[in-house]
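What follows is one structure encoded as structure tokens, with my remarks underneath.
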């Protein structure tokens, strides 16, 4: 749903301007939504891979390494929190 919002964001902003809405979406808010969508896309890809029939522990290890690496690259507060939560949850399971 957030991904769809980003696709039509320009149309939404134009509609808000047409109705003379004073409260516009700030760039910071837009960047936050973009960051969340990017982080959740990585999680979705990894979940699909982990839920496949041929998933093994070796595949799971690779998937988690991939996700943690990609979250490190994002360099945002959301990505940092998501990475810390993922690492904490993995450590709880060990």
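The values are calculated or read from the model by the stated rules, or taken from the named source; none is laboratory data. Not measured: the values here are computed from a predicted model. Cβ: placed from backbone, ideal geometry, glycine included. Neighbour counts: every protein chain shown.
When residue 34 is tested against (1) surrounded by 10 or more Cβ atoms within 10 Å (Cβ to Cβ); (2) more than 12 Å from the chain's Cα centre (by Cα), just one condition goes unmet, and that condition is (2). Assessment of segment 3-13 against the conditions (outside any helix (DSSP H, G or I) and at pLDDT 85 or above) yields at least one matching residue.
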